[in-house]
Amino acid sequence: MRKTLEAFCLGLLAVLFWFTYSALHGPERLPDRIPTHFDISGQPNAWGSPGFLWFLPLVATGVYLLLTVLGSIRFRRFNLPVRVTEANLPFIQDQTILMLAWIKSEMLCLFLYLQWSILQSARDGAFRLSPLMIPVFLVVIFSTVGWNLVALIHGAKERAESPDPGNRMENIR
C-alpha cells in the first residue's frame with residue numbers, strides 16, 4: 001500500500017510540474033497578472049506575475065521531501081498513548097510511515113487543486129476559490145491522522161509482549 005501511495009505522490013508531483021510548465025509555456029497565454037493568494041471567502045487578495053506559479057510545485061516538492069525523510073528515519077521513541085515494546089515497535093514504525101504517506105498524498109492533492117484553481121481563475125477571469133476547500137482539507141487530514149492513530153493503538157496493544165512495565169522499551173508522555 002505504501003509503495004502505491006509513493007508512486008501516486010510522484011505522479012501528483014509530475015502532474016503539478018506539468019500543469020505549471022504547460023501554463024507558462026503552452027499555447028494559451030496567461031494574463032500578466034494572476035491571483036497568488038485568496039482570502040477566507042475564496043476571493044483573490046494578492047496578485048502577481050505568472051512566474052509565481054512555480055512557487056506551489058517547489059513548496060510541494062519541499063513538503064514531499066521533508067515527509068519522505070521523516071518517514072525513512074526509524075525512530076526509537078514515540079509520543080503515543082500506548083506502551084512501546086520490542087514486539088510492537090516495527091508495527092508502530094510501519095503504521096507511522098503509512099500515515100505519513102497518506103498525508104503526503106493528501107497534501108499534494110491540495111497543491112494540485114490550488115494550482116489548477118489559480119490557472120482556471122487566471123484563464124476564465126472568474127477569480128474565485130471554493131471557501132469549502134480549507135475546511136474539507138482539514139477534515140481529511142485530521143480524519144487520516146485519527147484513523148491511523150486508532151489503528152496504531154489497537155495494533156500496538158495487540159502486539160505488545162506483556163503489560164508488565166519492566167518489559168517496555170520507552171513510553172514518552
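The values are calculated or read from the model by the stated rules, or taken from the named source; none is laboratory data. Remember, predicted model here, so these are calculated numbers, not experimental data. Neighbour counts are summed over all protein chains in view; Cβ atoms, including those assigned to glycine, are modelled from backbone coordinates with ideal geometry.
If you check LEU119, LEU129, LEU152 for being more than 29 Å from TRP47 (Cβ to Cβ), crowded, with 18+ Cβ neighbours inside 10 Å, modelled with pLDDT under 90 and not polar (S, T, N, Q), only one passes: LEU152.
If you go through the range 1-59 and keep only what is among the polar types (S, T, N, Q) and surrounded by fewer than 14 Cβ atoms within 10 Å (Cβ to Cβ), you end up with THR4, SER22, SER41, GLN43, ASN45, SER49.
Table: residues versus (1) over 30 Å from ASP94 (Cα atoms); (2) touching a Lys or Arg at 6+ places or on another chain (Cβ under 6 Å).
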residue: LEU10; (1), (2): no, no
residue: ARG29; (1), (2): yes, no
residue: GLY42; (1), (2): yes, yes
residue: LEU53; (1), (2): yes, no
residue: ALA60; (1), (2): no, no
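Contact map, the range 4-25: first residue under 15 Å from THR68 (Cβ atoms), second residue among the aromatic types (Phe, Trp, Tyr), Cβ cut-off under 7 Å, separation 6 or more or different chains; pairs are LEU5/TRP102; CYS9/TYR64; LEU13/TYR64. Check the range 45-56 and report whether any residue there is at pLDDT below 90, of a type in the set (A, V, I, L, M), over 20 Å from the mean Cα position of the chain (by Cα) and closer than 21 Å to SER117 by Cβ. Scanning the range 45-56, I find at least one residue that is at pLDDT below 90, of a type in the set (A, V, I, L, M), over 20 Å from the mean Cα position of the chain (by Cα) and closer than 21 Å to SER117 by Cβ, so the answer is yes.
Here is a yes/no grid of residues against (1) in a helix (DSSP H, G or I); (2) touching a residue at least 12 places away in the same chain (Cβ under 8 Å):
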residue: ASN79; (1), (2): no, yes
residue: VAL82; (1), (2): no, yes
residue: ILE97; (1), (2): yes, yes
residue: SER117; (1), (2): yes, yes
residue: ALA122; (1), (2): yes, yes
residue: ARG128; (1), (2): no, yes
residue: LEU138; (1), (2): yes, no
residue: SER143; (1), (2): yes, no
residue: GLY146; (1), (2): yes, no
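Selection of the range 68-109 for residues being at pLDDT 85 or above and touching a strand residue (DSSP E or B) at 6+ places or on another chain (Cβ under 9 Å) yields an empty set. Picking from residues in the range 38-61 that are hydrophobic (A, V, I, L, M, F, W, C), in contact with a Ser or Thr (Cβ under 9 Å, 6 or more places away or on another chain) and outside any helix (DSSP H, G or I), the one that is nearest to PRO135 (Cα to Cα) is PHE38.
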